[in-house]
Amino acid sequence: MNIFEKEKQLFLNTYRRIPIEISHGKGVHLIDVKGKKYLDFFCGLGVNALGHSHPRIIEAVTNQVTRFMHLSNNYITAIQVEFAEMLIKHSGMSKIFLTNSGTEAIEGALKIIRKKFGPEKKIFALTNSFHGRTYGALTLTERNKYKAGFEPMLPGISYINFNDIEDINNRIDKETAAIFIEFIQGEGGINVVSDEFAEKLNELRKKFGFALVADGIQCGCGRTGKPFSYNYYDIHPDIVTSAKAIGGGLPLGAILTSEEYANVLVPGNHGTTFGGNPVSCAAGKVVLEEIFENGLMQNALDLGRYFNRQLEELKILFPEDIKEIRGRGFMIGIELFYDGNSTVDMLKEKQILANCTNQNVIRLLPPLITTKEDIDFFLYNFHEILKLKQL
Ligand SMILES: Cc1ncc(COP(=O)(O)O)c(C=O)c1O
């Protein structure tokens, strides 16, 4: 029995596994057990920002493992503090709570909102949103495909139409506690919040004083060419959630708050056994240094622009295939006029890993170490695939 057959026998039936058995990774590449090398623009769903087997992450993790791997949050450790200080600095927030995952950061943020505003006030998210899989995060996730069969959801949460200024204007009032927003939606198909929507949001916040929770789990940590994607607007969130890339491949997430929200939780209100694990923080510190201080965010910005321009050229060449190119930096969506899964399969044949989301959007999340040559390799092969589709 091969591992794919064994997987079917042993695991709950929740994932459609990619039928490649990976041996190891190096930089932007994954290598399968037969030695075949793939350009990894799937990037562990946005996690492996420094690519695979980054020597500094290996060194930091090894050092930490030899000292201690876990103490519990009854202790404070230097590595947690160093990591926290850096993430606070680059997010522009005031205080932090460390978690294991993105979903867990969203759940904690939701608790802060409920505690501050009480049970009656309304909480909003946007249509097409994705915030995670546990009940609070799942309720904030708008699309029914994630929720069907798991009702009832949490009460008091509803959805404003994405980028719909009239809808947000009509729905938000003095009874509003908070709105959760991914400034670039990931799972929803790489949808960018418009400047006009952000302006209206700011105007309504001034008027009603509700909280803005920016979900930066996928679109944060330098991927879009700025520290967090809300930095593209004149927006100062009250709470920010972060995860995925910040642990360098180990489980790590964060809730960051402004000063105003820093004292809502008091001892005993919230906690986690593994959140802020010292080994994850050691890896995470390297990630933050490389991205924010050693030029990788700038790389995502510069090469992201190049990538985008080249894709726009392809769109002109293939107007019947490519509907729209969206995103910022290294968070790119290529919306096709048809289901994107066959294109993802064809890319795989060409030794490129990417992902299809929202049926017809090819989602590209290149590691932030990606070079122009890697992008050109993608572009050449994607062009070849589009030519083949014409035949
Ligand atoms: C925007 C966003 N929020 C929350 C989550 C949930 O994070 P996790 O899978 O780490 O629990 C995800 C995961 O894809 C995400 O993209």
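Quick rundown of the values:
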| item | result |
| --- | --- |
| Residues of region 323-349 satisfying the condition of being touching a residue at least 12 places away in the same chain (Cβ under 8 Å), surrounded by fewer than 16 Cβ atoms within 10 Å (Cβ to Cβ) and not acidic (Asp, Glu) | Lys323, Phe337, Tyr338, Asn341 |
| In region 57-67, the residues that are crowded, with 16+ Cβ neighbours inside 10 Å and more than 14 Å from Gly247 (Cβ to Cβ) | none |
| Which listed residue, of Glu320, Glu313, is part of a loop (DSSP other than H, G, I, E, B) and without any contact (Cβ under 8 Å) to a residue 40 or more places away in the chain | Glu320 |
| Unmet criterion (only one of (1) more than 16 Å from the ligand (Cβ to nearest atom); (2) in a strand (DSSP E or B)) for Ala254 | (1) |
| Pick from region 60-107, criterion within 16 Å of the ligand (Cβ to nearest atom) and of a type in the set (Gly, Ala, Ser), ranking: farthest from Glu290 (Cα to Cα) | Ala105 |
| Residue among Ile190, Ile217, Ile160 that is in contact with a Ser or Thr (Cβ under 8 Å, 6 or more places away or on another chain) and on the phi > 0 side of the Ramachandran plot | Ile190 |
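One line per residue, one yes/no per condition, for (1) in the same structural domain as Glu289 (by TED's automatic domain parsing); (2) buried (at least 24 other Cβ atoms within 10 Å of the Cβ); (3) more than 11 Å from the ligand (Cβ to nearest atom):
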{"residue": "Asp164", "(1), (2), (3)": "yes, no, yes"}
{"residue": "Gly216", "(1), (2), (3)": "yes, yes, no"}
{"residue": "Asp234", "(1), (2), (3)": "yes, no, yes"}
{"residue": "Val240", "(1), (2), (3)": "yes, yes, yes"}
{"residue": "Gly248", "(1), (2), (3)": "yes, yes, yes"}
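Every residue, every condition in (1) more than 23 Å from Gln298 (Cβ to Cβ); (2) at pLDDT 95 or above; (3) among the hydrophobic types (A, V, I, L, M, F, W, C); (4) outside the structural domain of Thr272 (by TED's automatic domain parsing), yes or no:
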{"position": "Ile20", "(1), (2), (3), (4)": "yes, yes, yes, yes"}
{"position": "His24", "(1), (2), (3), (4)": "yes, yes, no, yes"}
{"position": "Asp32", "(1), (2), (3), (4)": "yes, yes, no, yes"}
{"position": "Lys36", "(1), (2), (3), (4)": "yes, yes, no, yes"}
{"position": "Leu50", "(1), (2), (3), (4)": "no, yes, yes, yes"}
{"position": "Glu59", "(1), (2), (3), (4)": "yes, yes, no, no"}
{"position": "Thr62", "(1), (2), (3), (4)": "yes, yes, no, no"}
{"position": "Met69", "(1), (2), (3), (4)": "yes, yes, yes, no"}
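The values are calculated or read from the model by the stated rules, or taken from the named source; none is laboratory data. Since we're looking at a predicted model, the values are computed, not measured. Heads up, the Cβs are rebuilt from the backbone with ideal geometry, glycines too, and the neighbour counts pull from every protein chain shown.
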